[in-house]
Structure formats: C-alpha cells, structure tokens
Amino acid sequence: MNFIKTYISARNKKANTVVVVFLLGLILNTAFAQKVKYQDGFPYINIGNGKLKATILLPDTANGYYRAVRFDWSGFMAQVTYKKHTFFQEWKGYIGKTDTFGIHDPYNTGTGTGISEEFRKPLNYQEAKAGEPFVKVGVGTLLKDKDTAYYFAKRYTIINHGKWETTYGKDWVLFTHTLSTDDGYGYIYTKKITLLPNSTVIKVFHSLKNTGIKPIETTTYSHNFFRFDDNPSSDNYVLTYPSPINPKNTFSAKAHFGATTFQLADELVGAAPVEGAYNTNGVNEFELANTKTKTAVHVKGDKPVIAPYLYIWRNAFCPEHMIAVLVSVGEATSWETVYSFKAN
C-alpha cells in the first residue's frame, strides 16, 4: 500500500478524492465479484440485480452440467427467483422425463433445463458421408456415424469442442464459443445474459459471426422449461398471445385453443406429453401465467417465428419459438429475447 500513499500525497485534494473513489471501486468490485459454485460437481454462478436472482450453469468440457450434443452449451439459465417465487423446473438431480430425481447424466441429450437453447439444423450433415464430420453451433464438430437422417436426440460423438470463454459480473454473464473446421465452417458465437438494473427483466442477446468460407444456415429456439413454484403442468397455466393463434397438428383432448390462448384441460399425469405445432403468424411474443401461483413470465423475441411448437409434460410447460439464422461469409447477425418476470 506504500505506493498508494506516495501517489496520493503527490496530488492535490481533488486528485486525492478521485484516487480514493477509484480504489473503493476496485474494492467493491472485488467484494461483489461472482464466485463459481458447484452442485454435484457441476459449475454454476448466481447473478442478481436486487430484484431477480438467476442461476447460470457454465459450459465445461470436463465438469459441465450439460455435455451432450443437442443443446447449445452456453446460457443454461437453470432457475430464476423473484419474490420467493421460482419460474423454471428443478435442475438439481434432474435426470430427464421422469418424476424422480437422482444422479444427473450430463451426456443425456434431453436433460436441458431452464432456457436451454438449440441450433436444431446442423451444418454439413446432408453433405457428409458416414465417418465424416458435421457442425452443431454451440456444441462443436460431431461425427456422422451412419448414412441416416439427422436425429436431434441421438448421442453423436464430439470430435472438436471448439473454445469456450466465460466472463461475468454481478448481474451479467457473457459466453463466447469459437470454432474452426477443416471443412470450411467457422464462427464466433456469443451470448450475453443481462439482468437489467432495478427491474424484473432479463435480456438474452446473441450474435453469430461467420469466420469460415461457407455460409451458415441454421435454426434456433429456446426450449423454455417453465414450472412455476414447482407446480406441475395443469389447467392452472394459461398461455396467451397478443394476436390469434391456431393449431397445425391435432392436439390431445387434454388441451384446447382459444382465439389467442392455449390451456390444458386438467393436470397432466405421468410422462406422456401434450405436444404439437401451431401457428402464430410470425409473432414472437407470449405470456405464460399461472392462476394458482399468481406468477407469470412475458417473453418477446426480435425475429419472426418460423416454426412454433408446444411441448408440455408434467414437469415442464415449454413454448418453443424457432427462428431462422442465416449468416453469409464474413458477415454477422444478432438476435435477442427478453424475459419479464411477474408476481402477484
């Protein structure tokens, strides 16, 4: 500390004030720096803004909560807490589509949680032959083992994880995934989760830069594993849109559509889901509310939806809004989704 005292004594009173404020800022930043924690060996951090607290799972090739090949490894927002209410399914000990909990398998393709996002359409899969590589954005380079159609839930082998970097502050997390392949594909993918100051709003901002010699053409969506205050999927949940919606598939008799709403007829029992495609006419905005818990989340994206889908089972109510992602060589694109959490 001697160099600080010398520096301060060599300046006037005004300069002293600036230096002291600067040093206090450093101390405060250190005091409030987020620390990586572990649940069953899986790294995560908690971030907050005074109103919301969010649990963010961290990508890690050796210890990450999710190391499978379906979902983008970054930004697993496992839980959000507001006024003692929770908004996503329980992630601790989550072992998939079952009511039981146990030892979580990070290599199970279906064990995403929170706002698990997926780039559904892989790059180069159609062109690749058996034994050749293809790319899943947010995961890396995978091996096509057979000349069969791509299946999102299959456990393909990862050849190249790419490079992950994570930085964070008290109310934000930034993920960067860099990948370069011998087949002409390359990208820098970033995702930033920000809890906006003094609000109940979380912004998830994405960017994708094409650093390869081939265009990138894919699709992406968030699975949105919603479960308010640990209440199972039932007629207490009401999904509402700002404009008319209608089913494209034949939905179960366990559910019904209104002009702008979707609602289950009763509580779901067992693992059998209610699911199907529906039409929002491109509208990328909805609100899911629970009449029992008096909580809701409003979700709005800035790109038109090309393929809305509903997947609902006992432990999670999942509206999925798929958008197109097209990036020419040397170009970049971006998109964002804003989540607003409500209580009472």
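The values are calculated or read from the model by the stated rules, or taken from the named source; none is laboratory data. Here the structure is a predicted model, which means the values were calculated and not measured. When we count neighbours, we look across all protein chains shown, and the Cβ atoms used for this are built from the backbone with ideal geometry, even at glycine. What goes into the accessible areas is simple: the full protein's heavy atoms, side chains included, and nothing from ligands, DNA or RNA. Shrake-Rupley method; radii C 1.70, N 1.55, O 1.52, S 1.80 Å.
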Problem set entry | Enumerated strands (runs of 3 or more DSSP E) restricted to region 127-185, each holding at least 1 residues that are free of Cβ contacts under 8 Å to residues at least 12 places away in the same chain and among the polar types (S, T, N, Q) | 163-169
Seminar exercise, completed: The condition from (1) open to solvent by less than 30 Å² (accessible area, probe 1.4 Å); (2) at pLDDT below 95 that G102 misses is numbered (1)
For this session: Select, from L174, L123, L179, the only residue that is surrounded by fewer than 18 Cβ atoms within 10 Å (Cβ to Cβ), under 25 Å from T337 (Cβ atoms) and out of contact with any Pro (no Cβ under 9 Å at 6 or more places or on another chain).
Result: L174
Exercise. Assigned to a loop (DSSP other than H, G, I, E, B), modelled with pLDDT of 95 or more and surrounded by 14 or more Cβ atoms within 10 Å (Cβ to Cβ), is that true of P59?
Worked result: yes
Problem set entry | Single unsatisfied condition, Q263 versus (1) more than 17 Å from W313 (Cβ to Cβ); (2) in contact (Cβ under 8 Å) with a residue 12 or more places away in the chain | (1)
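G282 - would you say it is within 19 Å of H223 (Cα to Cα) and part of a loop (DSSP other than H, G, I, E, B)?
On the way: within 19 Å of H223 (Cα to Cα): yes; part of a loop (DSSP other than H, G, I, E, B): yes.
Yes; evaluated as a whole, the condition is true for this residue.
Listed here are the residues, each with its yes/no results for (1) assigned to a loop (DSSP other than H, G, I, E, B); (2) at pLDDT below 95; (3) in contact with a Cys (Cβ under 7 Å, 6 or more places away or on another chain).
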{"residue": "T55", "(1), (2), (3)": "no, no, no"}
{"residue": "R70", "(1), (2), (3)": "yes, no, no"}
{"residue": "Q79", "(1), (2), (3)": "no, no, no"}
{"residue": "I95", "(1), (2), (3)": "yes, yes, no"}
{"residue": "Y107", "(1), (2), (3)": "yes, no, no"}
Problem set entry | N249 vs. criteria under 27 Å from I56 (Cα atoms) and outside any strand (DSSP E or B) | no
Exercise. Going by the conditions given, is G169 under 19 Å from the mean Cα position of the chain (by Cα) and open to solvent by less than 20 Å² (accessible area, probe 1.4 Å)?
Worked result: yes
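Among the residues of region 286-295, which ones are open to solvent by less than 40 Å² (accessible area, probe 1.4 Å), in a strand (DSSP E or B) and either out of contact with any Leu (no Cβ under 8 Å at 6 or more places or on another chain) or without any contact (Cβ under 8 Å) to a residue 60 or more places away in the chain (or both)?
Taking region 286-295 first, the residues open to solvent by less than 40 Å² (accessible area, probe 1.4 Å) are 286, 288-290, 293, 295.
Now restrict to residues that are in a strand (DSSP E or B): 286, 288-290, 295.
Hits for region 286-295 are F286, A289, N290, T295.
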